[in-house]
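Working notes for the structure below.
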Amino acid sequence: STATFDWAVVGLGSLMLFGVHLDAWAHHRFALESFFTPWHGLLYSGFALLALLLAAAAVRGGGTRRGAAALGYARRIRTLAGRCGPVRPRWRG
């Protein structure tokens, strides 16, 4: 992977993490329990952009064959696929 790709992952991961903290703050600060809030938007847009970047890099690297993902990112791609794909962890319901 290139330094640009690594920094893009760091930036989008930070956006997602900032969204998590901002959402937690908002849940404790305000009495709203809706899914459609700006804080959820920030959290899930960071997640979606990171997933899109990793998926695009894997496809560009050769698709689903072994070794297609950038070095060190294959496990993250499998984790993202498990969170938003057809294979969902049992504890998520």
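Name the residue, out of Arg83, Arg92, Arg88, Arg75, that is under 18 Å from the mean Cα position of the chain (by Cα), closer than 26 Å to Trp7 by Cβ, of a type in the set (Lys, Arg) and modelled with pLDDT under 65.
Details: Arg92 fails: closer than 26 Å to Trp7 by Cβ; Arg88 fails: closer than 26 Å to Trp7 by Cβ; Arg75 fails: modelled with pLDDT under 65.
Of the residues listed, the single one that is under 18 Å from the mean Cα position of the chain (by Cα), closer than 26 Å to Trp7 by Cβ, of a type in the set (Lys, Arg) and modelled with pLDDT under 65 is Arg83.
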Legend entry - Those residues of the stretch 1-37 which are of a type in the set (D, E, K, R) and either in contact (Cβ under 8 Å) with a residue 60 or more places away in the chain or under 20 Å from Ala55 (Cβ atoms) (or both), in sequence order: Asp6
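The values are calculated or read from the model by the stated rules, or taken from the named source; none is laboratory data. Only a predicted model underlies this, so the values are computations on that prediction, with no experimental measurement involved. Virtual Cβ from ideal backbone geometry, glycine too; neighbours counted across all protein chains shown.
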